[in-house]
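Novice: Here it is: the structure, laid out below.
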Amino acid sequence: MAQGTFLFIGDSFIANFDWQQRMPHFEVHSLGTANEKVEGVLQRIAEIEQTVEKPDIILIMTGISNVVEGDYTFVDQIRRIVIRLSNTFPNAEIIVNSLPNIRINFLVEEAIYHLNISINTMTRQTGCCYLDNFTKNAKQPDLFEEDGICLTPASYDRWARSILEYVAFLLEDD
């Protein structure tokens with residue numbers, strides 16, 4: 001029997017992993033779309049809301065495709081997603097995941113760091129949760145594949161474990 005319904009929303013980081021296999025105690029709905037920018041998630045939010053009736057936990061991971069295209073102005077769009085989901089699913093715990101510090105040459109120095117500060121601030125303002133999964137793992141040599149963007153299997157394993165630990169803490173607080 002599932003401990004609850006877990007909804008994953010986002011980009012390639014969500015789409016490229018089998019969350020159900022890693023989290024068998026949950027009914028998992030993984031609605032990630034490869035290479036999708038934040039505005040794409042926002043555009044399909046009505047479809048997302050119709051896919052899952054009453055999620056207990058929603059994890060949002062989006063923004064890297066924007067960063068890769070040089071767009072650092074998407075945090076307000078994540079806020080709109082959070083507010084919409086909070087209104088649609090008032091009993092769900094909404095978690096916004098930090099962005100990983102991708103390793104690409106043209107990335108503005110410390111851009112991810114500053115974006116994560118803005119995302120964290122937004123989560124406090126909207127009453128949802130912020131999960132910083134990547135700061136503590138930033139120096140791990142196996143964090144990314146050779147492209148500097150895609151996560152390695154070991155990184156996914158650490159990330160999934162961190163999510164489960166965080167969710168256990170949230171559920172314990174209820």
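Novice: Criterion first (within 21 Å of residue 143 (Cα to Cα), of a type outside the set (D, E, K, R) and modelled with pLDDT under 95) does residue 52 satisfy it?
Specialist: Values: within 21 Å of residue 143 (Cα to Cα): no; of a type outside the set (D, E, K, R): yes; modelled with pLDDT under 95: yes.
In short, no.
Novice: Checking residue 31 against (1) under 24 Å from residue 121 (Cβ atoms); (2) modelled with pLDDT of 95 or more, which single condition isn't satisfied?
Specialist: (1)
Residues checked against (1) over 14 Å from the mean Cα position of the chain (by Cα); (2) exposed (fewer than 15 other Cβ atoms within 10 Å of the Cβ); (3) under 26 Å from residue 107 (Cα atoms); (4) aromatic (Phe, Trp, Tyr):
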{"site": "21", "(1), (2), (3), (4)": "yes, yes, no, no"}
{"site": "27", "(1), (2), (3), (4)": "yes, no, no, no"}
{"site": "32", "(1), (2), (3), (4)": "no, no, yes, no"}
{"site": "48", "(1), (2), (3), (4)": "yes, no, no, no"}
{"site": "56", "(1), (2), (3), (4)": "yes, no, no, no"}
{"site": "63", "(1), (2), (3), (4)": "no, no, yes, no"}
{"site": "67", "(1), (2), (3), (4)": "yes, no, yes, no"}
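Novice: For the range 80-111, how many residues are under 26 Å from residue 168 (Cβ atoms) and either part of a loop (DSSP other than H, G, I, E, B) or modelled with pLDDT under 95 (or both)? Walk me through it before giving the result.
Specialist: Of the residues in the range 80-111, the ones under 26 Å from residue 168 (Cβ atoms) are 81-82, 85-86, 88-101.
In the following step, the residues that additionally are either part of a loop (DSSP other than H, G, I, E, B) or modelled with pLDDT under 95 (or both) were identified as 89-92, 98-101.
Qualifying residue count, the range 80-111: 8.
Novice: Go through 121, 135, 152 for me and flag whichever is surrounded by fewer than 17 Cβ atoms within 10 Å (Cβ to Cβ) and either at pLDDT 95 or above or of a type in the set (Asp, Glu) (or both). Give the steps one after another, and end with the answer.
Specialist: Details: 135 fails: either at pLDDT 95 or above or of a type in the set (Asp, Glu) (or both); 152 fails: either at pLDDT 95 or above or of a type in the set (Asp, Glu) (or both).
Sole residue among the options that is surrounded by fewer than 17 Cβ atoms within 10 Å (Cβ to Cβ) and either at pLDDT 95 or above or of a type in the set (Asp, Glu) (or both): 121.
Novice: Same structure, new question: What number of residues within the range 66-79 satisfy the criterion of being among the polar types (S, T, N, Q) and in a helix (DSSP H, G or I)?
Specialist: Initial filter on the range 66-79 (among the polar types (S, T, N, Q)): 66, 73, 77.
Retained after the next criterion (residues that are in a helix (DSSP H, G or I)): 66, 77.
Residues in the range 66-79 being among the polar types (S, T, N, Q) and in a helix (DSSP H, G or I): 2 in total.
Novice: Among the numbered criteria (1) within 16 Å of the chain's Cα centre (by Cα); (2) assigned to a helix (DSSP H, G or I), which one does residue 125 miss?
Specialist: (1)
The values are calculated or read from the model by the stated rules, or taken from the named source; none is laboratory data. Here the structure is a predicted model, which means the values were calculated and not measured. Note that we place each Cβ from the backbone using ideal geometry, even for glycine, and neighbour counts take in every protein chain shown.
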